[in-house]
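What follows is a set of notes on a single structure, which appears directly below.
The values are calculated or read from the model by the stated rules, or taken from the named source; none is laboratory data. For clarity, every value in this text was computed on a predicted model and none was experimentally measured. Don't worry about glycine lacking a Cβ; one is built from the backbone with ideal geometry, like all the others, and counts go over all protein chains shown.
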Amino acid sequence: MDDRPLSLQEMLRRALTSQVELGMGEVILPPRSASTIETELDQHMVAATESQRIVPVADIFGEERPLGPQEPQFASLDRHFDSVQNCQECPLGATRNKFVYGAGNPNADLLFIGEAPGADEDRIGEPFVGRAGQLLDKILAAIKLSREEVYIANILKCRPPGNRDPQPAEMEKCFPLLREQVALIAPKLICALGRIAAQALLKTTTPLGKLRGRWHEYEGVPMLVTYHPAALLRFQAYKKDTWADMQMLRAKYDELVG
Ligand code: SF4
């Protein structure tokens, strides 16, 4: 994710969007005058609502997305990588610096799926290498796991310019790549990081706050939803829930993997 300082307006927009996602009745804002806050609140509440209306993630895959587990079409992740690393299926192929396929243990029992590469990932070609990635490392360490034991991928393999949200058409084009990765890795557990990944995988528009903290399934694989580490960097209040999610994840990992 992009680590550049956020403008106050962007912070406000993200705070409102996140709190709307959480279903919080009370909205906490940065210190501003009441009238300014009211004006911005109105504008940004409309923007958040519009954003949710304009990006109906649940509609992206329509009825075309098969419901059952996919049989791998490639012999290995390396072969799959070779075949897709020059992908130009959507406009992001023309603006990326590096294709960010994924990283970790190709036989991992636990697969983390995030949203899309940020500036650092686009520069280096690996997922979760910026500040959010460092926090993910700490989260993994807290549940006694390391990057070498898990696999980490994103819904999109190329960075959306300016760190904007992935667009539906981009996700639709890119999703088969992730689906093949899941088939090849054949994880026993999946953890979706953030709203975009969770809603795309579960084919829903349900807010993140209502998806996290319980088990779902993606193509027969138990899947937990939690906050994206980049959100944790901005909103400390999410840490308590994230820790609860990680304890659920570790308990299931112990149950299924040992
Ligand atoms: S984002 Fe996905 S579909 Fe678009 S060019 Fe990159 S790899 Fe291809």
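Figure legend. Inter-residue proximity from region 130-141: first residues farther than 14 Å from Phe112 by Cα and touching a residue at least 12 places away in the same chain (Cβ under 8 Å), second residues small (Gly, Ala, Ser) and surrounded by 22 or more Cβ atoms within 10 Å (Cβ to Cβ), beta-carbon distance below 8 Å, spacing 6+ or different chains. Indicated pairs: Gly130/Gly118; Arg131/Ala230.
For Ile139, indicate whether it is within 16 Å of the ligand (Cβ to nearest atom) and surrounded by 19 or more Cβ atoms within 10 Å (Cβ to Cβ). The answer is no for Ile139.
Within region 105-121, can you find the residues that are surrounded by fewer than 23 Cβ atoms within 10 Å (Cβ to Cβ) and either free of Cβ contacts under 8 Å to residues at least 12 places away in the same chain or not in a loop (DSSP other than H, G, I, E, B) (or both)? Within region 105-121, Ala119, Asp120 qualify.
Checking the stated criteria, Arg195 turns out not to satisfy the condition of being more than 13 Å from the chain's Cα centre (by Cα) and of a type in the set (D, E, K, R). Residues in region 194-246 that are in contact (Cβ under 8 Å) with a residue 40 or more places away in the chain and among the small types (Gly, Ala, Ser): 7 in all.
The condition (being within 16 Å of the chain's Cα centre (by Cα) and either modelled with pLDDT of 50 or more or buried (at least 18 other Cβ atoms within 10 Å of the Cβ) (or both)) is satisfied by just one residue among Gly93, Gly68, Gly102, Gly125: Gly102.
Scan region 89-102 and report the pairs whose first residue is touching a residue at least 12 places away in the same chain (Cβ under 8 Å) and within 7 Å of the ligand (Cβ to nearest atom) and whose second residue is among the β-branched types (Val, Ile, Thr) and not in a loop (DSSP other than H, G, I, E, B), with Cβ atoms within less than 9 Å and a gap of 6+ or a chain change. Close Cβ pairs satisfying both conditions: Phe99/Val84. Going by the structure shown, is Arg147 surrounded by 24 or more Cβ atoms within 10 Å (Cβ to Cβ), outside any strand (DSSP E or B) and charged (D, E, K, R)? No; evaluated as a whole, the condition is false for this residue. Quick check on region 162-175. Is at least one of its residues surrounded by fewer than 22 Cβ atoms within 10 Å (Cβ to Cβ), over 14 Å from the mean Cα position of the chain (by Cα), in a loop (DSSP other than H, G, I, E, B) and assigned by TED's automatic domain parsing to the domain that holds Trp243? No, the conditions are met nowhere in region 162-175.
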